[in-house]
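Single-structure report; data block below.
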């Protein structure tokens with residue numbers, strides 16, 4: 001056991017996630033492991049569910065963390081609700097809408113795709129047109145905050161529209177939870193999933209989900225079994241359900257739940273409305289600084305996510321080299337463009353603990369330095 | 001942020017897992033999070049894959065950690081290989097064989113079940129009979145070390161038998177990896193999965209898997225898509241594959257990979273044969289002590305797992321109360337019986353870091369004390 005301990009560099013994480021993790025969360029994470037049925041852990045599970053309800057603004061009984069990353073949360077929502085032959089309107093305006101479509105098709109559903117340009121929000125009128133044309137649709141699935149583009153869609157309006165056409169609404173809130181207004185009960189969202197590593201500033205690997213009573217009823221009345229045993233909420237809730245009689249389903253990632261719990265305690269201590277406000281105000285400060293550097297946003301002002309700022313790299317610059325230099329010389333990570341936006345945007349995250357003055361100052365200073373050297377060399 | 005840090009009690013984990021986590025692993029776990037595409041992390045991924053190959057005794061290219069618990073590793077193996085209509089012989093001699101059967105059926109496969117009593121190993125002759133009767137079988141799936149019963153099956157022989165009948169062998173090594181001899185290449189196992197929280201003494205939540213070239217070819221030639229996007233190895237390997245060009249699939253659980261890497265470094269520093277030997281020797285010591293206390297093993301000597309000792313609680317004793325007392329008064333966790341063995345066995349784990357003299361002494365002392373008080377009261 002003479003081996004050295006894994007020793008990663010200390011980065012400032014300002015990409016699309018993972019975001020800077022709260023020091024208290026890392027401390028909680030490293031605390032001694034207890035058994036997944038330990039009375040201490042059962043109590044912590046209960047507390048964690050209550051804190052998740054607080055974050056999601058919901059009273060949904062079925063609110064819990066899935067023991068895997070956000071993509072597994074996406075599959076949890078889609079796989080439990082959609083049966084083979086079901087039709088789902090899937091809104092695609094970036095990578096994650098596309099992923100939803102792929103999953104709907106893998107489980108034997110029919111995806112009616114409503115496409116919008118990357119960087120634009122989901123067009124509500126187009127969704128309504130699709131619902132009129134496809135009266136057999138049972139679900140509308142969309143991404144609230146597209147992590148791949150930095151665009152925000154109008155979740156409240158899309159959910160209301162889905163309900164007008166007797167559809168359940170499935171919402172991707174991976175990047176929105178904790179960063180912008182999100183009201184699961186008030187907006188009547190039916191199934192929602194998020195990620196631990198964005199605006200909650202927890203370590204990556206856990207996906208909080210919540211199902212409305214109406215959605216849960218659909219899951220309980222399925223005529224076919226959920227394709228995944230691991231993600232079948234009818235089974236998982238034997239462990240994560242309410243009451244003191246918890247039975248084994250899988251071994252929970254105990255330490256990651258410590259970390260999630262800690263990040264949610266921090267959110268609650270701040271107050272979620274305050275967190276939304278902080279993300280908004282810091283976005284405005286970053287925006288001013290980026291515009292001073294001559295950088296343009298890739299998303300129109302009305303639809304910008306404060307927690308994920310997509311900007312266009314200056315013409316003629318090697319954008320990957322800039323990111324690499326920020327990482328190597330300043331220990332700052334910002335994100336590249338994904339998919340259709342690869343090479344065309346930088347994604348600058350101000351998520352959770354990363355959304356603070358210190359980070360903004362640090363990034364702007366470093367970016368100014370890197371860009372001026374490179375532009376001088378290029379000129 | 002005035003909230004206190006999550007503060008679990010310090011337990012001695014001697015149940016069926018999670019096992020005692022190495023202090024170095026907890027230290028690694030709490031180190032600063034880096035991005036999932038950070039060059040530091042890419043290098044750590046490569047090192048982790050090499051260490052996993054060491055642990056599995058394999059050169060399989062596709063050897064990696066699945067970003068979720070062992071059950072997701074089970075689904076990764078079964079879902080990627082088995083297509084709707086495929087026949088799989090599933091050996092059921094405990095909870096986990098039963099879970100395999102459930103998954104095979106969920107994905108549209110036909111499970112030919114070979115049943116053995118709980119606590120017994122898989123009967124090789126019965127498997128051969130099933131293979132003779134079902135010449136369409138493409139797979140044989142079994143559990144090497146049944147965590148629910150403490151019984152070891154003859155993996156080498158079962159794999160050889162599967163190959164005689166032109167089947168691929170899928171092996172559950174959740175509790176065996178690192179605790180008893182396991183030779184993926186020498187025994188020619190086709191697909192295998194394990195868990196982080198057993199004999200590796202890492203935190204729970206990660207499932208190492210490995211696929212042979214032959215198995216990988218089957219996955220690549222599938223006629224239908226894998227039902228789960230998250231577990232589709234054709235996609236996951238874009239991220240966990242070889243070479244320097246890693247593309248995003250999902251956000252890896254960065255800190256959990258630090259922990260896994262650390263636990264594997266410790267295993268390699270000890271030497272895997274030494275780890276097997278240590279588990280065996282400590283089992284013999286525990287066995288002597290338990291027999292002195294008048295406790296009987298629930299599994300025949302020839303098939304006992306050294307890392308998971310299933311014993312029968314003394315007649316007339318409230319077995320749950322004993323476990324609770326061990327936890328409350330001595331901070332020691334031992335496991336209850338599962339399924340058919342609920343109330344009928346205790347499962348005492350000597351896994352990984354928990355397999356040491358100190359733990360044996362501590363448990364025997366505590367158990368002697370608890371049992372003598374209770375038997376005196378009862379008598």
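Tabulated values for the structure
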{"item": "Count - residues of region A:198-230 that are in contact (Cβ under 8 Å) with a residue 60 or more places away in the chain, surrounded by fewer than 22 Cβ atoms within 10 Å (Cβ to Cβ) and either within 20 Å of the chain's Cα centre (by Cα) or over 15 Å from residue A:139 (Cβ atoms) (or both)", "result": "3"}
{"item": "Verdict on residue A:226 being out of contact with any strand residue (DSSP E or B) (no Cβ under 7 Å at 6 or more places or on another chain) and farther than 25 Å from residue B:226 by Cβ", "result": "no"}
{"item": "Total residues in region B:40-56, condition facing another protein chain (nearest Cβ under 9 Å) and in contact with a helix residue (DSSP H, G or I) (Cβ under 9 Å, 6 or more places away or on another chain)", "result": "2"}
{"item": "Residue within region A:311-318 that is buried (at least 19 other Cβ atoms within 10 Å of the Cβ) and either under 21 Å from the mean Cα position of the chain (by Cα) or not in a loop (DSSP other than H, G, I, E, B) (or both) present", "result": "yes"}
{"item": "Flag for residue B:263 being out of contact with any strand residue (DSSP E or B) (no Cβ under 8 Å at 6 or more places or on another chain) and not assigned by TED's automatic domain parsing to the domain that holds residue B:358", "result": "yes"}
{"item": "Filter result for residue A:22 (at pLDDT 95 or above and more than 7 Å from chain B (Cβ to nearest Cβ))", "result": "yes"}
{"item": "Odd one out for residue A:72, checked against (1) in contact (Cβ under 8 Å) with a residue 40 or more places away in the chain; (2) farther than 30 Å from residue B:40 by Cα; (3) within 13 Å of chain B (Cβ to nearest Cβ)", "result": "(2)"}
{"item": "Options B:341, B:290; residue that is surrounded by 20 or more Cβ atoms within 10 Å (Cβ to Cβ), modelled with pLDDT under 95 and under 25 Å from the mean Cα position of the chain (by Cα)", "result": "B:341"}
{"item": "So residue A:18, is it crowded, with 24+ Cβ neighbours inside 10 Å and closer than 27 Å to residue A:347 by Cα", "result": "yes"}
{"item": "Flag for residue B:235 being more than 8 Å from every other protein chain (Cβ to nearest Cβ) and either assigned to a loop (DSSP other than H, G, I, E, B) or surrounded by 24 or more Cβ atoms within 10 Å (Cβ to Cβ) (or both)", "result": "no"}
{"item": "Residues within region A:62-73 that are in a helix (DSSP H, G or I) and within 19 Å of residue A:187 (Cβ to Cβ), tallied", "result": "1"}
{"item": "Of the criteria (1) modelled with pLDDT of 95 or more; (2) within 10 Å of chain B (Cβ to nearest Cβ), which one residue A:220 fails", "result": "(2)"}
{"item": "Scope region B:341-379; condition in a helix (DSSP H, G or I), free of Cβ contacts under 8 Å to residues at least 60 places away in the same chain and under 30 Å from residue B:260 (Cβ atoms); matching residues", "result": "B:358, B:361"}
{"item": "Qualifying positions in region B:28-51 - farther than 26 Å from residue A:329 by Cα and in contact (Cβ under 8 Å) with a residue 40 or more places away in the chain", "result": "B:48, B:49, B:51"}
{"item": "Tally of residues being buried (at least 18 other Cβ atoms within 10 Å of the Cβ), in contact with a helix residue (DSSP H, G or I) (Cβ under 6 Å, 6 or more places away or on another chain) and not in a helix (DSSP H, G or I) across region A:247-269", "result": "2"}
{"item": "Filter result for residue B:59 (farther than 29 Å from residue A:324 by Cα, more than 7 Å from chain A (Cβ to nearest Cβ) and in a loop (DSSP other than H, G, I, E, B))", "result": "yes"}
{"item": "Qualifying residue in region B:79-90 (condition: free of Cβ contacts under 8 Å to residues at least 12 places away in the same chain and either farther than 28 Å from residue B:229 by Cα or buried (at least 21 other Cβ atoms within 10 Å of the Cβ) (or both))", "result": "no"}
{"item": "Selected residue (only one of A:9, A:65 is surrounded by 23 or more Cβ atoms within 10 Å (Cβ to Cβ), at pLDDT 95 or above and either in contact with a strand residue (DSSP E or B) (Cβ under 7 Å, 6 or more places away or on another chain) or facing another protein chain (nearest Cβ under 8 Å) (or both))", "result": "A:65"}
{"item": "Among (1) touching a helix residue (DSSP H, G or I) at 6+ places or on another chain (Cβ under 6 Å); (2) surrounded by fewer than 22 Cβ atoms within 10 Å (Cβ to Cβ); (3) not in a strand (DSSP E or B), the one test that residue A:37 misses", "result": "(1)"}
{"item": "Test: residue in region B:325-336 that is within 14 Å of chain A (Cβ to nearest Cβ), surrounded by fewer than 17 Cβ atoms within 10 Å (Cβ to Cβ), in contact with a helix residue (DSSP H, G or I) (Cβ under 9 Å, 6 or more places away or on another chain) and in a helix (DSSP H, G or I)", "result": "yes"}
{"item": "Failed item, numbered, when residue B:2 is tested on (1) buried (at least 24 other Cβ atoms within 10 Å of the Cβ); (2) at pLDDT below 95", "result": "(1)"}
{"item": "Checklist (1) part of a loop (DSSP other than H, G, I, E, B); (2) away from chain A (no Cβ under 13 Å); (3) under 30 Å from residue B:119 (Cα atoms) applied to residue B:85, failing item", "result": "(3)"}
{"item": "Pair list, Cβ < 8 Å and 6+ apart or interchain, from region A:91-106 residues that are facing chain B (nearest Cβ under 9 Å) to residues that are assigned to a helix (DSSP H, G or I)", "result": "A:95/A:339; A:99/A:71; A:99/A:74; A:103/A:74; A:103/A:75; A:103/A:78; A:103/A:79"}
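Every residue, every condition in (1) over 30 Å from residue B:332 (Cα atoms); (2) in the same structural domain as residue B:203 (by TED's automatic domain parsing), yes or no:
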| site | (1), (2) |
| --- | --- |
| B:9 | no, no |
| B:13 | no, no |
| B:53 | yes, yes |
| B:67 | no, yes |
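The values are calculated or read from the model by the stated rules, or taken from the named source; none is laboratory data. Bear in mind that the values here come from a model prediction, so they are computed numbers and not experimental data. For neighbour counting, all protein chains shown are included, and Cβ atoms are generated from backbone atoms with ideal geometry for every residue, glycine included.
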